[in-house]
Each structure stands twice: as structure tokens, then as C-alpha cells.
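Visitor: Right, I'll just put the structure down here and ask away after.
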Amino acid sequence: MIAAIIAAAGSGERFGATIPKALISLGDRTLIDHALSALSAVVDEIVITAPAGYEDAIRTIAADRATVVTGGSTRSESVRIGLAAISPSAEFVLVHDAARALASSDLARRVIASLQAGDLAVIPGLPQIDTVKVVDADGYVISTPDRAPLRRVQTPQGFSYDLLKKAHASAGDATDDAALVEELGARVKIIDGEERAIKITTPSDLATAMQFLGATNEFSTGVGVDAHAFGEGRKLYLAGLYWPDEVGVDGHSDGDVAAHAICDALFAASNLGDLGSNFGTSRPEYAGASGAQLLEETARLVKAAGYSISHVSVQVIGNGPKIGSRRVEAIAALSAALGGADVALLATTTDGLGLTGEGKGIAAIASALITKN
Ligand code: CTP
Ligand code: MG
């Protein structure tokens with residue numbers, strides 16, 4: 001049985017955000033989610049140490065992939081707390097930093113392979129590229145060590161369960177777990193690390209990490225329009241919400257023009273056809289689908305084609321309903337249907353002109369900005 005502890009209890013002081021560093025977003029996911037995804041592919045059990053007060057936020061992200069415990073005041077203490085929550089039947093334990101969000105599953109696999117080959121402590125490291133100086137308190141150089149034998153070490157670091165337990169029994173404090181193992185006089189093996197396992201410490205590290213994510217500057221935009229005529233006795237569904245006391249619109253679907261316009265804008269941006277070609281007679285299961293269902297399926301198709309949805313905006317054009325009073329609720333519904341995308345919702349009348357101005361129906365125009373992954 002192989003277990004892992006993800007240290008995520010730090011506040012991220014040097015990063016300087018108002019939320020703990022583990023909950024910062026990198027691309028479409030939080031740092032802790034990235035770290036968890038990489039490790040859950042290769043270990044049997046994961047314990048995350050969360051910052052006090054953020055346990056539930058991290059539990060929601062972890063779902064059934066990990067156990068969440070409250071961390072301690074130093075990294076070493078957090079690891080000790082995590083270690084106490086690991087099954088004693090674990091043979092090996094990986095200790096990883098949530099801050100090294102992009103360390104790959106492959107790196108974790110190589111650490112484990114080296115443990116299985118007989119080493120009791122295995123850590124990834126990269127050569128020291130810059131020349132290093134030892135300085136005194138006044139900033140004067142004392143010496144220049146030979147950089148050739150130096151390594152910049154990373155996580156996940158792997159240990160036999162017994163050795164890690166022993167290393168932490170002394171309640172020592174160090175910036176990595178290998179240092180505590182070294183104090184016991186045990187041998188620590190270095191294997192090749194990865195550049196992408198960079199520790200995200202400052203906002204500029206986050207920008208570097210974005211490049212490893214392969215985020216491109218390949219943007220596409222699309223526009224979509226929809227209009228429906230009012231129909232007596234119909235219910236009004238608009239922008240993902242039901243609007244009681246309003247006249248609804250005709251049509252086979254729920255007639256949510258805002259949702260339909262967004263779907264077309266997304267199809268346009270991703271060059272995947274349009275509402276009719278995606279949800280027409282070829283897919284009878286979508287006959288009568290709600291606006292939210294169509295948005296969900298459109299977002300899935302757009303993501304499957306290799307895009308992330310950066311932003312969607314939609315403007316409702318008509319004499320009513322008054323969008324302003326339910327804007328926040330509608331944005332939340334649209335965003336949830338799109339898997340958390342950033343959404344803007346506006347409304348306008350047309351000064352009595354045109355079909356919507358004459359009160360014959362309601363229309364919407366949407367734009368979407370998507371990014372190639
Ligand atoms: N960590 C932890 N418990 C602590 C302190 C740190 O679990 N008491 C974790 C952090 O969440 C991080 C990892 O240890 O994933 C490495 O620490 P670091 O990068 O220094 O993160 P922070 O301590 O959050 O950042 P800072 O030092 O800038 O406050
Ligand atoms: Mg720290």
C-alpha cells in the first residue's frame with residue numbers, strides 16, 4: 001500500500017493573496033486540485049493537511065480522493081499530523097507540496113519505482129545552474145561552493161513508512177522531510193526532478209507554471225443570436241432561470257434565448273457547427289431540453305474539442321423581464337451550467353423599435369471567448 005501526504009496548510013504569505021495558496025487557481029483548477037490529480041493516479045491513499053478554516057473548501061475539491069485534516073503551524077508539523085492520519089499498513093509514503101502543483105504523475109511513479117528497487121528515501125532534484133555564494137549577515141561573501149554536486153530538490157519525496165515515522169518522531173523542523181531523514185544518518189537517493197515541479201511561491205511563479213500548463217495565446221471568439229415570439233399560456237425561462245408571472249415564448253424547447261445564444265456563440269468560437277446541427281434531429285434526446293442542459297452539453301463538446309471557456313457575455317433584448325433584480329442568480333445558474341466559466345449578463349430595450357420593442361418577443365445576443373489548451 002502506498003500513501004501520500006499533501007502539505008497544503010500554508011497561508012502563502014509570500015504569494016500575498018487573500019486566500020491560502022493551495023486554493024489559488026492555475027488555469028482551470030486550484031493548486032491543490034492539480035497536486036491531488038497527479039498523485040491520486042499513482043497512490044492508494046491520500047491525506048491533505050488544510051489551513052484551519054479551509055478544511056471544508058478543500059474537502060469539496062478532494063471529494064472521495066483524499067482525507068482532509070487540519071495542518072500545523074510549520075510545514076514539518078503539518079506533515080507529522082498528516083502522517084498520523086495515514087494507515088499504518090502503508091509501506092511507502094510520498095510527501096508532496098500543494099505548491100508544486102504541476103509535478104507530474106510520472107515523477108511520482110519514478111520516486112515509487114526507486115523505493116521499490118530498495119531505496120528507503122528518494123527525492124527528486126535538479127542541477128544547480130546559478131553559481132551559489134555563502135554570505136555573512138552584512139551581505140559579504142564568505143565562500144563560493146562548487147556548484148557541481150549541488151541539487152535543487154523538489155517533492156514528491158518518497159520514504160519507507162517506518163523511516164519517515166522515525167524521522168518525524170523527534171518533532172524536528174526542516175524545510176523538507178529528507179533533511180529529517182538525513183539527521184538519522186539514513187541514505188537519501190536523488191533522482192531526476194522536473195522543471196514543471198517548480199514551487200509556486202510568488203505570482204510570477206504562477207505565470208511560469210501557466211507556461212508549463214501549455215496555456216497558449218490561441219484565442220477564438222464567437223457570436224450567437226436567438227429570438228422567440230411570446231406565446232400565451234407559456235412559462236418564461238430565461239438566462240437559466242424560471243421567471244414566474246411573466247409571459248413565456250413559443251418553441252419546442254424551453255425557449256431560453258440567452259442560453260441558446262450562448263450555445264451558438266460557443267459553437268461559433270470552436271467551429272463546431274451550431275445549435276441546430278448539434279441538437280437537431282440527429283440527437284433526439286435533446287428535443288425539449290432545458291437551456292441549462294444545452295449549455296452543459298455545449299460546454300462538454302467545446303472542452304472535448306480542446307478548448308477552455310475564458311469568458312461568455314450575453315445581452316437580453318426585450319421590454320422585460322427586469323434582469324437587474326436577478327442578475328446575480330442568473331449569472332450563477334449560467335456559470336454553473338458552463339462548468340464555472342466567467343459570465344456577464346446584460347439587458348437592454350430597443351426604444352420601442354423592432355420585434356422585441358413592439359413586445360412581440362424576446363431576443364438575446366451572446367459572445368464567447370475560448371482558449372485552445
Ligand atoms: N505548508 C503546510 N503547513 C504549514 C506551512 C506550509 O502544510 N504550516 C505547506 C504549504 O501549503 C505548501 C508547502 O507546505 O504547499 C510548502 O510551503 P511554502 O511553499 O512555503 O507555502 P506557504 O508556507 O503557504 O508559503 P509562505 O511561506 O510564502 O507563507
Ligand atoms: Mg512557508
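Visitor: Please note which helices (runs of 4 or more DSSP H) are completely contained in segment 247-313 and include at least 1 residues that are over 18 Å from LYS372 (Cα atoms) and in the same structural domain as SER25 (by TED's automatic domain parsing).
Guide: none
Visitor: Residues to consider are ALA57, ALA17; find the one that is modelled with pLDDT under 95 and within 15 Å of ligand 2 (Cβ to nearest atom).
Guide: ALA17
Visitor: OK, next. Pairs please, first residue from segment 10-27 and under 20 Å from SER73 (Cβ atoms), second anywhere and of a type in the set (S, T, N, Q) and in a loop (DSSP other than H, G, I, E, B), Cβ atoms under 8 Å, 6+ apart in sequence or on different chains.
Guide: Every condition considered, the pairs that remain are ARG14/THR201; ARG14/THR202; PHE15/THR201; PHE15/THR202; GLY16/THR202; PRO20/SER11; LYS21/SER11.
Visitor: Output the residues belonging to segment 163-194 that are part of a loop (DSSP other than H, G, I, E, B) and of a type in the set (A, V, I, L, M). Write out each step before concluding.
Guide: To start, the set of residues in segment 163-194 that are part of a loop (DSSP other than H, G, I, E, B) comprises 170-176, 184-188, 193-194.
Matches in segment 163-194: ALA171, ALA174, LEU184, ALA186, VAL188.
Visitor: Separate question: Filter segment 101-140 down to residues that are part of a loop (DSSP other than H, G, I, E, B) and touching a helix residue (DSSP H, G or I) at 6+ places or on another chain (Cβ under 9 Å) and give me whichever is surrounded by the most Cβ atoms within 10 Å (Cβ to Cβ).
Guide: Within segment 101-140, the match that is surrounded by the most Cβ atoms within 10 Å (Cβ to Cβ) is ALA101.
Visitor: Among the residues of segment 295-336, which ones are closer than 21 Å to ASN278 by Cβ and in contact with a helix residue (DSSP H, G or I) (Cβ under 6 Å, 6 or more places away or on another chain)?
Guide: Passing the criteria: LEU295, GLU296, THR298, VAL302, ALA305, TYR307, VAL312, VAL314.
The values are calculated or read from the model by the stated rules, or taken from the named source; none is laboratory data. Since we're looking at a predicted model, the values are computed, not measured. So basically every Cβ, Gly included, is an ideal-geometry build from the backbone, and we count neighbours across all protein chains shown.
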